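Written below as structure tokens is the structure these notes are about.
The values are calculated or read from the model by the stated rules, or taken from the named source; none is laboratory data. Just so it is clear, the model here is predicted, and its values are computed rather than measured. So basically every Cβ, Gly included, is an ideal-geometry build from the backbone, and we count neighbours across all protein chains shown. Ligands, DNA and RNA are excluded from the accessible area calculation, which covers all protein heavy atoms including side chains. Shrake-Rupley method; radii C 1.70, N 1.55, O 1.52, S 1.80 Å.
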Amino acid sequence: MSSALIEGAFYVQRADGSPDLVYEPQAHQKKFHASVSKYCIMEGGAGSGKSICMRWDAYMRCWAVPRFTALILRRTMPELKMSHTDNVPFDAERMGLAKDAWHSTDFVLRFPNGSKLKFGHCEDDNTVARYLSSEFDIIYFDELTTFTLRQFLFIGSRARTSKPGLRTYIRGGTNPVGPGTTWVRRYFITKDITA
């Protein structure tokens, strides 16, 4: 089975040769996928498709680049399960991945080309240490305003790669409210990160 990204939509080719549309982004999601900025955030209320967009952005990058490594984070494990990991087995099946591609104990989706998408959480500042020696080509913070600035900066510093010619990215999705609204506004909108 092969896959293809055509005009921002993701297709897989079924065994009989027919194309199957498995993800078609909305206009605001297409802008997120098309961004080449190091940092990119998507703002939107509940139900605007931020989590789905981030997951499919990661899937498409994992398919496109061999040995690509991606990390999607939520602040807590229950949020991670509800927004992402409960959906991964269905997504994997739609993409035609083998049943053993999703490892539910370590929260990793493995692709045939050696790429990996890891899902994680950051319940408190002590859990930041679990990412200490990690290296990811892209990191997604889902509901960015639920993270502290310290968590964002530390985990974001793990967006690094040893793959020649590959740029690293940090992406986020967020509601316009939350405990971290002030630092997110200062970091991304007013660009006042020193005060």
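All but one of (1) over 15 Å from residue 39 (Cα atoms); (2) of a type outside the set (S, T, N, Q); (3) modelled with pLDDT of 90 or more hold for residue 178, so report the exception by its number.
(3)
Out of 119, 147, 136, I need the residue that is open to solvent by 10 Å² or more (accessible area, probe 1.4 Å) and either more than 22 Å from residue 175 (Cα to Cα) or in contact with a Lys or Arg (Cβ under 9 Å, 6 or more places away or on another chain) (or both). Which one? I'd like the intermediate steps shown before the answer.
Details: 119 fails: open to solvent by 10 Å² or more (accessible area, probe 1.4 Å); 147 fails: open to solvent by 10 Å² or more (accessible area, probe 1.4 Å).
136 is the lone residue from the list that is open to solvent by 10 Å² or more (accessible area, probe 1.4 Å) and either more than 22 Å from residue 175 (Cα to Cα) or in contact with a Lys or Arg (Cβ under 9 Å, 6 or more places away or on another chain) (or both).
Hey, residue 139 hits all of (1) closer than 22 Å to residue 84 by Cβ; (2) modelled with pLDDT under 95 but one; which does it fall short on?
Tallying (1) closer than 22 Å to residue 84 by Cβ; (2) modelled with pLDDT under 95, residue 139 fails exactly one: (2).
Given the structure, is residue 165 in a loop (DSSP other than H, G, I, E, B), touching a residue at least 24 places away in the same chain (Cβ under 8 Å) and either under 26 Å from residue 12 (Cβ atoms) or more than 18 Å from the chain's Cα centre (by Cα) (or both)? Working first, answer last.
Working: in a loop (DSSP other than H, G, I, E, B): yes; touching a residue at least 24 places away in the same chain (Cβ under 8 Å): no; either under 26 Å from residue 12 (Cβ atoms) or more than 18 Å from the chain's Cα centre (by Cα) (or both): yes.
No: the conditions fail for residue 165.
Quick check on this structure: which one of 69, 105 is within 19 Å of residue 130 (Cα to Cα) and at pLDDT below 95? It would help to see each step written out before you state the result.
Numbers: 69 fails: at pLDDT below 95.
105 is the lone residue from the list that is within 19 Å of residue 130 (Cα to Cα) and at pLDDT below 95.
In the stretch 123-133, what residues are of a type outside the set (Lys, Arg), surrounded by fewer than 19 Cβ atoms within 10 Å (Cβ to Cβ) and under 26 Å from residue 52 (Cβ atoms)?
Passing the criteria: 123, 127.
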